[in-house]
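Below: one structure, written as C-alpha cells.
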Amino acid sequence: MPSDTSIPVTPAPASYRALLRNSEFTGLYASFTLMVAANTLSGFALGALVNQQTNSPFLTAVSMYGATFATVIGALTLMSVADGRHPRRTLVALQCVSLAGVAAQAIPGLSLAARFALLLVLGFFQSLGTGTRMGLLAEVVPASTYALARSLMNITSGGMAMLGYAIGAVLLRYLSPQAIFIVASALTGIGLIMVAATVREHSIRLTRRPGLRQTWTTNIALFSHSGQRALLLNLWVPNGLIVGCEALFISYDLHHAGALLVAGSAGMLLGDLTVGRLLTADQRRRYAFALRLLLAAPYLLFAFHPPLPVATAAVFIASAGFAATLPLQEQLLALTPDPVRGQVQGVESAGRMTWQGIGAVIAGGIAQHVTPGTAITAAAVVSLALTVISRPFVVRARTVSIRSVRA
C-alpha cells in the first residue's frame with residue numbers, strides 16, 4: 001500500500017505499560033476488563049441456577065453461553081454501526097442496555113424462559129458493542145501497536161474470567177445467584193462510567209448511513225474473499241467446540257467445576273501473554289498451527305475420567321492454545337480495508353461468540369446421551385479434525401496476507 005508521508009508515524013510502545021499511558025486506551029481497556037468480569041460472574045450464576053432447577057447438562061451449558069447465539073443476529077443486521085460517525089456515543093448507549101439486561105437477571109422468581117430471552121437480547125447488543133469497541137481501538141492506538149493492544153485485552157479476558165469464576169464459586173457458597181447478578185450489574189455500571197469519562201468521540205471512516213443494507217454489503221464482500229473466509233472459519237469453529245467442552249464442567253464435576261474453569265482461564269492468560277508479548281509476528285504465524293492442535297488434544301484424556309489434578313492440568317495446558325487466535329486476527333486485520341475495520345472485527349467476534357454457543361449446544365446435546373467426559377472427548381476430536389483439514393486454507397490465506405502487507 002502506498003505510504004502517506006503527511007501523516008506522522010507514532011512509534012510503537014515497547015511494553016504494555018507504555019501502551020497504558022494512552023488514556024483513551026486505558027478507558028477502553030478498563031471498561032472491557034469490567035465487562036468480562038461481569039459476564040463471567042453472571043454466566044456462572046445463571047449456569048448454577050439452571051443446574052439447580054433443571055439438573056440438565058444441555059440447559060446448563062446453553063445458559064452459560066446462550067447469549068452468544070444472538071451475536072450472529074447483530075453481525076447480520078446492524079454491525080455497520082461499529083463504523084458510524086459517533087462510536088463513543090454508540091458504545092455508551094449499548095453499555096446502558098447491557099447494564100439494564102444484567103440487572104434484570106437479579107429479579108427474584110424470573111422464569112427460565114424470561115432469563116433465556118434476556119440472554120438473547122444481551123447477546124445482540126453486546127455484539128454491536130464489541131464491534132464498536134474494536135473500531136474505536138483501531139482509532140485510539142497506532143496500527144503498529146494494534147496486535148499488542150489485542151494481546152493485552154486477550155490476556156485480561158483470561159485473567160478476569162479466571163478471577164470471575166473463582167470469585168463466583170466462593171460467592172455461591174454464601175450468596176444466592178440473584179445477589180451475584182447484582183454484583184455483576186455494579187461492575188457493568190462502573191465500566192460504563194469509565195468509557196463515558198475517558199474516551200473522546202472519533203469520526204470513524206464510514207460515509208454512508210449505517211444500517212441493514214450497509215451491513216450486508218460489507219458482509220458479502222467479506223465472505224467473498226477466500227482468505228478472510230478461511231481465517232474466520234478457523235477463528236470460530238475449533239475454538240467454539242472447545243468452549244463446548246468447558247460448558248460441560250459443571251455437569252462433569254459440580255463441586256470442582258470452579259477449579260476447572262479457573263485452570264482454563266489461567267492457561268488462556270499464560271498463552272496470550274507468551275504469544276502476544278514474547279513472540280515476534282513471524283514466530284506467532286509459525287506456531288499458530290501447533291497452538292490450535294494444543295487447544296484440543298489434552299481434552300482427549302477426559303475419555304478416561306482422570307483424577308482432578310490431571311484433569312485440571314489438561315485444561316490448563318489446552319487453554320494456552322486459545323492464543324492461536326492472535327496470529328489469525330493479525331492476518332485478518334492485514335486483509336481488511338480501513339473503512340470497515342470495526343464491522344469486520346465485530347463480525348469476527350460475533351462469529352466466535354456464536355460458535356461458542358453452538359459448541360455448548362453440541363457438547364450439551366451429546367452429554368444428554370453419554371457421560372459428560374465422553375461428550376468432552378468427542379468435541380475435542382472434531383475440533384482436532386477440523387484444524388488439520390483446514391490447515392491448507394489457512395496457509396493460503398497467510399500467503400495472501402503477506403502479499404497484501406508488502407504491496
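The values are calculated or read from the model by the stated rules, or taken from the named source; none is laboratory data. Bear in mind the structure is a predicted one, so any value in this text is a computation, not a measurement. Cβ: placed from backbone, ideal geometry, glycine included. Neighbour counts: every protein chain shown.
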*Any idea which residue in the range 175-194 is surrounded by the most Cβ atoms within 10 Å (Cβ to Cβ), counting only those that are modelled with pLDDT under 90 and not polar (S, T, N, Q)?*
177
*Provide a single number: the residues in the range 80-131 that are outside any loop (DSSP other than H, G, I, E, B) and in contact with a Pro (Cβ under 6 Å, 6 or more places away or on another chain).*
2
*Any chance you could count how many residues in the range 49-64 are farther than 17 Å from residue 117 by Cβ and surrounded by fewer than 23 Cβ atoms within 10 Å (Cβ to Cβ)?*
5
_Against the condition at pLDDT below 75 and among the β-branched types (Val, Ile, Thr), how does residue 68 come out, does it pass?_
yes
_Per-region count, the range 200-219, residues out of contact with any Ser or Thr (no Cβ under 8 Å at 6 or more places or on another chain), assigned to a loop (DSSP other than H, G, I, E, B) and modelled with pLDDT of 60 or more_ = 5
*Filtered residues of the range 107-151 (kept if of a type in the set (Lys, Arg) and under 19 Å from residue 182 (Cα atoms))*: 115
*Within the set of pairs 6 or more residues apart or between chains, which connect a residue that is farther than 22 Å from residue 252 by Cα inside the range 33-54 to a residue that is of a type outside the set (A, V, I, L, M) with Cβ atoms less than 6 Å apart?*
33/156; 34/191; 35/191; 36/157; 37/164; 38/188
*Tell me, yes or no, whether the range 155-174 has at least one residue that is of a type outside the set (A, V, I, L, M, F, W, C), farther than 18 Å from residue 63 by Cα and buried (at least 21 other Cβ atoms within 10 Å of the Cβ).*
yes
*How many residues does the range 13-33 hold that are modelled with pLDDT under 90, surrounded by fewer than 18 Cβ atoms within 10 Å (Cβ to Cβ) and either part of a loop (DSSP other than H, G, I, E, B) or under 21 Å from the mean Cα position of the chain (by Cα) (or both)?*
5
_Count - residues of the range 374-389 that are out of contact with any Gly (no Cβ under 7 Å at 6 or more places or on another chain) and closer than 28 Å to residue 36 by Cβ_ = 8
